[in-house]
Amino acid sequence: MDWECVLTLTEYFTIYCIAISSNSEILASAGHGKISIWHLQSRQRLHSLIAHDDEIHHLSLTADGRILVSASASEPTAIGLVKVWNTLTGEELGSWTEKTGSSIAIALHPEGKILAVGTDFYYEKPAINLWNLETLISLGTLAKFRDDINSLAYSPDGENIAVAVGCDIQICNMTGQILFKLTAHMDVIECVVFSPDGKKLVSSSGIEQTIRLWNFQTGKQDYCISTTDYGCYPSSIAFSPDGKTLASNSYEHNIQLWNVKTGELICNLGQSEQITSVQFAQKGMLISSSDRTIQIWRKT
């Protein structure tokens, strides 16, 4: 079965990241300080926001698409900035700063009420800080770590959080207890994602050029995909809603689709420019971004 690009949205800025709501209605894209909020069904841009002073590398949407969270980091000032937005009105609901350097990571709890923010080692010991999105009040620090936090992912049941700490993955529960550690990669992990059923965890390192699939229940690695032969430096990965397909980005103008069960390459989706981010939506839609365009893919 082939994939076809059925829609292309044009941005007015270089895109660093995208996010889509679980109901597939709201899509957000971000670049250097700018955010666009789209209504996917009507293909209309709802809002263009001048949101941050620095590069925005993380976005997260609540399941209903009504609340958007954006995060940026500035190494010269050692300050990370998190902002919360109403996607219907484009109104900024609130913001706060985090002590971090050049990186910041965010993850939204499946219920959409708590945000986890991960920091790096620039200012002080890296930590996961929790915030109540309804009141915008800090819930304190969940846990501290010995290396930079590059990516966070809540398990689908919301009971655990996977933390990409340097080259390793640490699994933390909601009391802050470290349940176990996966000695994962030889270089920095850029992305961790849970499968929709919560039984698998995938991690990627663009520098190492690997994608690793883990059995979350046993903590053992199922397999490692070396993407060297495919010219792929995966920094963004996503599971399909049925958990059977994995998508990864590439700086070599391709999206790779992988069979989760076997680890085999299903196909390459070619693009004219490097792919910065990939996300799956409901009904099997695949969303990708490259430079100033957003592509919507469907199976044919």
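Do the conditions hold for THR141, that is, is it surrounded by 16 or more Cβ atoms within 10 Å (Cβ to Cβ), over 16 Å from LEU68 (Cα atoms) and of a type in the set (S, T, N, Q)? Answer is no for this residue.
Across the range 193-222, the number of residues qualifying as β-branched (Val, Ile, Thr) and touching a strand residue (DSSP E or B) at 6+ places or on another chain (Cβ under 7 Å) comes to 4.
Here ALA51 meets the list (1) under 23 Å from PRO156 (Cα atoms); (2) assigned to a strand (DSSP E or B); (3) among the hydrophobic types (A, V, I, L, M, F, W, C) almost entirely, failing just condition (1). In the range 255-279, of all residues being of a type outside the set (Ser, Thr, Tyr) and within 12 Å of GLN295 (Cβ to Cβ), the one that is modelled with the lowest pLDDT corresponds to GLN271. A Cβ distance below 6 Å, combined with a sequence gap of six or more or placement on separate chains, defines the contacts here; from the range 226-243, residues that are outside any strand (DSSP E or B) reach residues that are of a type in the set (Ser, Thr, Tyr) and modelled with pLDDT of 90 or more in the pairs PRO234/SER204; PRO234/SER248; SER236/SER277; GLY243/SER195. Here the strands (runs of 3 or more DSSP E) wholly within the range 70-185 that include at least 1 residues being under 28 Å from ILE15 (Cα atoms) and under 17 Å from the mean Cα position of the chain (by Cα) are 79-86, 105-108, 114-118, 127-132, 149-154, 160-165, 168-173. Being outside any strand (DSSP E or B), surrounded by 14 or more Cβ atoms within 10 Å (Cβ to Cβ), over 18 Å from the mean Cα position of the chain (by Cα) and not hydrophobic (A, V, I, L, M, F, W, C) holds for only one residue in GLU208, GLU273, and it is GLU208.
Assessment of the range 245-263 against the conditions (closer than 19 Å to ALA105 by Cβ and either among the polar types (S, T, N, Q) or assigned to a loop (DSSP other than H, G, I, E, B) (or both)) yields at least one matching residue. Only one entry of SER36, SER29, SER24 meets the criterion of being assigned to a strand (DSSP E or B) and in contact (Cβ under 8 Å) with a residue 60 or more places away in the chain, and that entry is SER29. Restrict the check to the range 5-20 and report whether at least one residue is buried (at least 18 other Cβ atoms within 10 Å of the Cβ), among the small types (Gly, Ala, Ser) and part of a loop (DSSP other than H, G, I, E, B). No, that holds for no residue.
The values are calculated or read from the model by the stated rules, or taken from the named source; none is laboratory data. Everything quoted here is computed from the prediction, not taken from an experiment. Every residue, glycine as well, gets a Cβ built from its backbone with ideal geometry; the counts of neighbours run over all protein chains shown.
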